[in-house]
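Participant: I'd like to ask some things about the structure below.
The values are calculated or read from the model by the stated rules, or taken from the named source; none is laboratory data. Everything numeric here is computed off the predicted structure, so don't read it as measured data. All Cβ positions, glycine included, derive from the backbone under ideal geometry; neighbour counts span all protein chains shown. The accessibility values were calculated without ligands, DNA or RNA, using every heavy atom of the protein model including side chains. Shrake-Rupley method; radii C 1.70, N 1.55, O 1.52, S 1.80 Å.
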Amino acid sequence: ILRVEIAIALASGNGDEIPGIVDRWVATAQTDPQVARDAGLEEAAGTVLMRAGFLDEGVKYFQQAYESNPDRLAGYVIDLSTAERYAPAAEVAAAHYREYGSVSSAILLIETLLKFDDLSKAGPYQSILDDAIEKFPDDLRVLEGLATFWMQKNEFDRSIALYQRVYRTDSTRLR
């Protein structure tokens, strides 16, 4: 039904109605007890809106999904980044790391920081980066991400040391 309504809106030149169509779809779906238990509903709505170019509206749904289930972190951070909201994306990933200390939140933080135009703004996250390398010393995604981060900050000694660790483990992995 959602696809049909969106197709009709687009075909009739009313693409600006898509957020309302999605909102109604979510509200209707939430009345179904089977659907209401599925946290994927918000992510599905967010994905539809993001793909249709309604970034702000899509991010709101990913935020709802994350707030109802912290395991939905990746979708929220990635979509904040897609909307070029790098500072909020970094803060969400950092807050998640502080609470859960997960490798996924460390990787999402690192990858988000790499999108910053000014890496000096990454300073508040330095303790998390240091902690992540100590906590996950063999995770190639963490090592490679931090190697790239240090290279972009012109801290070549740190960068080379991490790239060498990655290379020794998997010579095909380097960015």
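Participant: Average the reciprocal distances over every distinct pair of alpha-carbons in the chain, invert the result, and give the Kirkwood radius in Å. List each step's numbers first, then the result.
Facilitator: On the way: mean 1/r = 0.0559 Å⁻¹.
Over the chain, the inverse of the mean reciprocal pair distance is 17.9 Å.
Participant: Given springs between every Cα pair under 10 Å in a Gaussian network model of the chain, which of THR47, THR28, THR82 has the largest fluctuation?
Facilitator: THR28
Participant: If I fit a long axis through the Cα atoms of helix 126-135 and take the longest principal axis of the Cα atoms of the chain, what angle between them do I get, 0 to 90°, rounded to 10?
Facilitator: Once rounded, one gets 80 degrees.
Participant: Please list 163-169, 2-8 highest first by mean number of surrounding beta-carbon atoms within 10 Å per residue.
Facilitator: On the way: 163-169: 15.0, 2-8: 13.0.
By packing density, highest mean first, the sequence is 163-169, 2-8.
Participant: Sorted by mean Cβ packing within 10 Å, highest first, what order do the peptides 122-132, 53-63 take?
Facilitator: Most protected by this proxy first, the peptides run 53-63, 122-132.
Participant: How high is the relative contact order of segment 39-175, given as a whole-number percent (alpha carbon pairs under 8 Å, six or more residues apart)?
Facilitator: 14
Participant: Check the straight Cα-Cα distances from LYS115 and name the aspartates and glutamates below 18 Å, setting aside those fewer than 8 residues away within the same chain.
Facilitator: ASP79, GLU84, GLU91, GLU144, GLU155
Participant: Along each principal axis of its Cα atoms, how long is segment 51-103 end to end? Whole angstroms, biggest number first, please.
Facilitator: Result, largest extent first: 34, 22, 13 Å.
Participant: Another one. What does the charge count around SER104 come to, taking other residues whose C-beta lies under 12 Å from its C-beta (Lys +1, Arg +1, Asp -1, Glu -1)? Write out the running numbers ahead of the final one.
Facilitator: Values: positive: ARG72, ARG141; negative: ASP71, GLU111, ASP139.
Counting the neighbours of SER104, the net charge comes to -1.
Participant: If each DSSP helix of 4+ residues adds -39,500 (n - 2.57) and the sum is divided by the residues in the chain, what number results at 222 nm, nearest 500 deg cm²/dmol?
Facilitator: It comes out at -22000 deg cm²/dmol, rounded to the nearest 500.
Participant: Give the angle, between 0 and 90 degrees and rounded to the nearest 10, that separates the Cα long axis of helix 18-30 from the longest principal axis of the Cα atoms of the chain.
Facilitator: 80
Participant: Taking the chain as the reference, fit the longest principal axis to its C-alpha atoms, fit the long axis of helix 156-169 to the helix C-alpha atoms, and give the angle between the two in degrees, 0 to 90, nearest 10.
Facilitator: 80
Participant: From the square roots a ≥ b ≥ c of the eigenvalues of the alpha-carbon gyration tensor of segment 1-101, which class results: rounded (a/c under 1.5), prolate (a/b over b/c), or oblate?
Facilitator: Verdict is oblate for segment 1-101.
Participant: I've got another one for you. Could you check how much of the accessible area of segment 5-97 is carbon and sulfur, as a whole percent, using a 1.4 Å probe?
Facilitator: Taking all protein chains in place, segment 5-97 shows 52 percent carbon and sulfur surface.
Participant: Another one. Return one whole number: the accessible area per residue of the chain in Å², for a 1.4 Å probe. If you can, show how the numbers build up before the last one.
Facilitator: Values: 9700 Å² over 175 residues.
Roughly 55 Å² per residue, with all protein chains present.
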